[in-house]
Structure formats: structure tokens, C-alpha cells
Amino acid sequence: MTGTHANMGPAAIAWRRFRRHRLALASGLVLLGLSVLAAAAPLVGMLLGTAPDAVDLFSRFAPPSAAHPLGTDELGRDVLVRLLYGGRVSLLVGITAALAAAVFGTAVGLLAGYHGGRLDALLMRLTDSVISLPLLPLLIVLAAVDPGKLGLPEGVAESESLSLYRIVVIVALVGWTTVARLVRATALSLRERDFVLAAIAQGAGAARVMLVHILPNLASPIIVATTLSVGNVILLESVLSFLGLGIQPPVPSWGNLLTNAQELIWTVPGLALYPGALIFVTVIAFNFLGDGLQDAMASRPSDG
Amino acid sequence: MMSRPLIEARDLRKSFQSRDGTLRVLNGVGLSVDKGETLALVGESGSGKTTLARAITMLVPPDGGSVRFDGMEITRLKRRELKPFRRRVQMVFQDPYGSLNPRLPVGRIIAEPLVIHGRGTRDERHKSVARLVEAVGLGSDDLARYPHEFSGGQRQRIAIARALALGPDLIVADEPVSALDVSIQSQILNLMADLRETRGMAYLFISHDLGVVRHIADRVAVMYLGTIVEEAPAANLFAVPRHPYTRALIAATPVVGRGKRKPGRAIIGEPPSPLSPPKGCPFHPRCPMAVAMCRGKVPVLEPVHGLPSQSAACHFKDQPAPAGNNPWTDLVAETKRGEP
């Protein structure tokens, strides 16, 4: 093994193994493509000479054409452009919320797992109580909070992307528990490993032990869990938006595009089909990607 | 008065709670190591050697007893206050696969003690690390590589280089060679002996194998079920062992070499469980010399009559073994063929 892995860091080895995982690699490419398209949404809009909220009541439900590659919706808006803009929102919300939840969960799990004792008990009971909260009613209440009354600056409270911030915060508030539990369990076992004892014996402080010795060894489970949770967040976003509690129209997201389409499902099935398919593909791609990362990073480099 | 020892532990006690009851791992253990001296701590697995090493270095705080380092009591210090002690006492662990952080390149692993204690500038640390890897027989092009790229022996060299970085007064080595191939063991032992010659630090060298410590130890302490049962200068311990357990351990060590070959003899029976240690002498259930007194009265570790540098915890420590025939043949059984 010394020969084949000469001069390769753990990351390089993981990448080598990941490349062998066809499905995960393909999923990664699909997600990359979707992200690039979503990022290029304004460009696509410009090329087609339209905007996501440009209403044209004379060409409602237009079939696909050169001007509207996927046709138009009930207000004559371009479906492709709206899908791409929606993708920006859905992907952004999914990734940001998953990352925020991961950061918070990691901090909680690391402190609980490393220090143990009372702090651990306290933090884990907190985690348990968040898990036991009935999610949907809570989200409905949180979504109904008037941010103007929370003392937020007017610019934020009135902004159009408020529902976007709000959903990121809500998802992060309830979503950190998975990562916290995972990190705690792994930190508990890492704490007993000899290299951690060695660091303590050298005189390393708690912060150093956690950040230099435990956290880097937690990177793989955290990355895997976060990747898997992006898919869940996108689903949750679509559920909330479907219920009218998520991203507020006219800002498009895959979730609220689906909501709009529900009355027209028999007349213009495409309107529901496209965002539905995109959610499906994205969520499943994130799951495959997470599985692939897990296989690539799960075992210690020495086993490779 | 004699100069004070570098480190002195007295009456250390440590218990762990388990589902089946209280596990008394250390039952009032004492030992001391002088400056520049190598004390070997020997005993079967489960005798509490590793816990003792961790209690002395305050990795597992003892329940009771005292540890004085260079005259200073350290058992009541807080983690932050222990830092000067940590600088002067370093550890080498048994498992060189587990004691190196798999996510750090070797150069950073060796430099870490220097970083923790704020030694030197980045450049100076680079130079120290280069000198250290050379001292343990590795190349400077190894510094950018990761632990998994090295063999067990090389990893233990890395761990030793890390332990040397701060120029410690004492290195506590917990079975530093028992995870290595036999062919590698002597290399590492020689390296440790050479380093002691050039750098003059003391070792607390823990091993389950008397054969391993024979050449490196100045003194040997034998541990059994959480207590020290015999302690003596290495030469005495092998020549005139006074505790039946020591004799059994010596008999259990196979001897190799043309004409000298002798199979190892296994000690009869298993060590008693620390969950329910026997009353009286902890060794009496396995001891061929045991009499009624041994079942009732715990022997104290005391100097052997006529051998002031040697102590043993046995009611019969002052009766030398008769020369010629082996009075503890009952104690050991010929190792059966095919058995490890």
C-alpha cells in the first residue's frame, strides 16, 4: 500500500475511490450541470428576451416554440426561465440551509462529545427536545411570524427574498440535530483514540484537540450527512412552498411552481411535471452523491 | 540523603465502574524513576500497567494517591497548570497505527509539541523537525507524507521523534514494541537505548515481556493485579527473583540461541478478575508456595533481607529459592506443542 498511495493525502485517496463510483460521479455531474444552468438563468432569460415574471396574457399556455422552449404558464410567463430561476432558489436554499444546519450541529456535537458529562447531557436533551417538536405545526407558526415585529431592519423585513432567509433559518433551526448526534457519537469514540490522548499528553488545550485532531477526522461523516440532507431540505422547501408557507410568489421555486400547477394538472400537465421531475432528479442525485462520498471516505485511508 | 527521584508515585488508586461492579485497577501502587534511569514495568495484560502509565501522566486522573514530579505534586493540578509538566514528560503508545493522527502529515505531527508549547519560529521548528527525523532514522522527504504510508516500525519512529521534540526528562513508553514484528522490535529498542545515551532522559518502559526489558532496564518493577509485587535492579531481578510471580514470569520467557534454547513455560491459571480480587495475597490462588497465611494476610512490598535495593511483596521473600532444582516447577507447566 505504501507504493500505490505514495504521496497521496487522505483527500486524494478519497477522490480516487469516488471516481470509481459511476452513479455518484454521474450524479455529481448532473448537479453541477443543474447548478450552472440555474446560475445562468438571467443569461437564458436575456437570450430568450424574457424575464421570469414577464406576464403575457395573449400567449397563455403556449406550446413549446423557439421563443418559449418549454411553453408558457397560465400568465404567459416562460416556463423554462421560471424553472431555472426556481432552481436557483431551491438549490440555494437547500445548500445554504444544509450547511448552516451542519455548522451548528457540528459545534453542538463536538462540544457534547468531547467534553461529555453534564454539558453532553444538557446538549443532548436539547437535541432530543428539538427532535420531538412536531415539525409541520412549528414551521407553520415560524413562517407566520411577522419579521417587522422582531425588530429587524426595515430593509430586511420588507425585502422580497425575506421568505428565502426565513426558510433557511427555519430549516437550520430544526435540521441540525442529525449532524449533532452523528458528530457527538463519532467524537465520543475519537476522544478515546491514542492520537487524541497523545495530543493531550503533549499539553494541547481543548480547542486544539477538537479543531486539529477530532474535527478533521469527522470531516467524512459530516460531508456525507450534509450532502444527503441537501436533498431533504429541497423536499422540505417544496412541501412548505406547496403549503404556501415557503418561498412566496412571484419569486419562483420548484416547490411553489408545483403549487401553481396543481389546478392545471389535467389541462397542462407539463407545468407540474417539469418542477416535479427536477425535484426528483435533484434529490435523488444528492442521495447518490452522498452514498458515493460515504463509500469513498468511510474507511480509513490505510484500508485502501 | 539521596537525591530526589524525577518522578515518584505513591499509593495510586483507580477504580472503574462497570456493569458488573467496581473494577479496582490500581490498588495502592507506588514507583519512582530517577533522572536518566530506565524503569521497566512488567506484568500480564490486565494487571493495570497501562492505567498506571496514564495515571502517572494524568491522562486518567487517579482516584487517590500522589504523583510528585521533580518535587511538585501534580495530581491536584488543573489541565492548564499541567502544561509545564506535559512539556517535560512525553508518551509513546503501544499502537503506532492509532497514536498518529491520520489526517496530519508527519512533519506536522512531529512539530505539534513545539507548536503547542510555542517553541521557536516556523523556520526554527522546521529545522528541529528535520533533526528529529534524522535522529530516529527517517528521511526528511518523509515529512510531507501521511502516517498510513509508513510501516509499523517507521510509525513508531515517528511517535518517538514526536516524544523527543521538546527534549523531555521522562518518556513513558507503553508497550512501545509489542505491536511490532519481532524483527523490528530490536531496532526500536536499540534506537530507544541510543537516544537515552545521547539525550540522557529517563524511561518508564512498560511491557508484558520480560525478555524485551532485560537489556534496556536499569530497574524492573513487576505488577500483578493492581499492585507492585517485586521491584529490583534488573540484574538482581533475573538472578535472584524473590516473588513467585516474578519467577513464573521469568520461566515463561522462552530463551533462544544455539545450545541455550528453552521453551517458555506457561503460568498455570488465569489472573483473577479485578472485579473480585482474592482476599489476602492477590497471587495466592496461583501460587505453589501458598499457605494459610497467604489467604488471610496481604503481604507488603518491603526490602528483601540482605538485598536493600530489592523489594518484594511476599511472605516468603526472605527465603531464597534453593539452588539447583526448581521449587516452583509446579507453578509452571511445559508449554504444549502447537500452543502459542
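Annotations for the structure displayed:
- Fluctuation leader among B:Gly296, B:Gly46, B:Gly200 - chain B, Gaussian network, Cα springs under 10 angstrom: B:Gly296
- Close amide H pairs (under 5 Å, H built 1.01 Å from N) link B:Gly28 with B:Leu12, B:Arg13, B:Lys14, residues at least 5 positions away or on another chain.
- Remark on segment A:1-125: Rg and Dmax equal 23.3, 70 Å (Cα only).
- Taking B:Asp123, B:Asp11, B:Asp169 in turn, the Gaussian network model of chain B (Cα-Cα springs below 10 Å) assigns the largest fluctuation to B:Asp123.
- Bins of 10 Å, starting at 0 and running to the largest distance - Cα pair percent for segment A:53-140: 15, 24, 19, 15, 14, 10, 2
- Relative contact order, percent, segment A:59-109 [alpha-carbon distance under 8 Å, six or more residues apart]: 21
- Remark on B:Thr253: its backbone amide H falls under 5 Å from those of B:Arg265, a criterion applied only to residues 5 or more positions apart or on other chains, H modelled at 1.01 Å from N.
- Neighbour cut-off at most 13 other Cβ (10 Å), DSSP loop, GluC sites (Glu not before Pro), segment B:75-162: B:Glu81
- Amide H within-cut-off set for B:Ala40, under 5 Å, with H built and near neighbours excluded: B:Phe205, B:Asp218, B:Arg219, B:Val220, B:Ala221
- For segment A:22-155, the relative contact order comes to 15 percent (Cα pairs under 8 Å, sequence separation of at least 6).
- Applying 0.36 nm per residue to the separation of A:Ile265 and A:Arg16 and subtracting their alpha-carbon distance, the gain on full extension is 85.1 nm.
- From phi via Karplus (6.51, -1.76, 1.60), per-residue ³J(HN,Hα) for segment B:195-211 in Hz, x at Gly/Pro: 5, 5, 4, 7, 10, x, 7, 9, 10, 10, 10, 9, 7, 9, 10, 4, x
- Rounded to whole Hz, the Karplus (6.51, -1.76, 1.60) HN-Hα couplings of segment B:309-319, x for glycine and proline: 8, 10, 10, 8, 10, 8, 5, 10, 5, 8, 9
- Based on C-alpha pairs under 8 angstrom that are at least 6 apart in sequence, segment B:74-185 has a relative contact order of 44 percent.
- By the helix-only formula, in which each DSSP H run with n ≥ 4 contributes -39500 (n - 2.57) and the sum is divided by residues, the protein assembly as shown has a 222 nm mean residue ellipticity of -15000 deg cm²/dmol.
- Between segment A:253-283 and segment B:271-324, the C-alpha centres lie 84 angstrom from each other.
- Pairs of Cα atoms farther than 21 Å apart, segment B:1-152, %: 57
- Computed on the Cα trace of the protein assembly as shown, the radius of gyration divided by the Kirkwood hydrodynamic radius gives Rg/Rh = 1.14.
- Table column - 3J(HN,Hα) (Hz), segment B:161-169, Karplus curve with 6.51, -1.76, 1.60, x for Gly and Pro: 4, 4, 5, 7, 3, 8, x, x, 8
- Annotation: average projected area of chain B is 19.9 square nanometres, based on the convex hull of Cα atoms across all directions.
- Pairwise centroid distance, computed over Cα atoms, of segment B:95-124 with segment B:154-197, Å: 16
- The fraction of all Cα pairs in segment B:31-114 landing in successive 10 Å bins from 0 to the largest distance is 13, 41, 35, 10, given as whole percents.
Each reported figure results from applying straightforward, stated rules to the coordinates on display, with no laboratory input. Because the structure is a prediction, the values reported are computed rather than measured. Quick reminder, even Gly has a Cβ in these numbers, built from the backbone with ideal geometry, and neighbours come from all protein chains shown.
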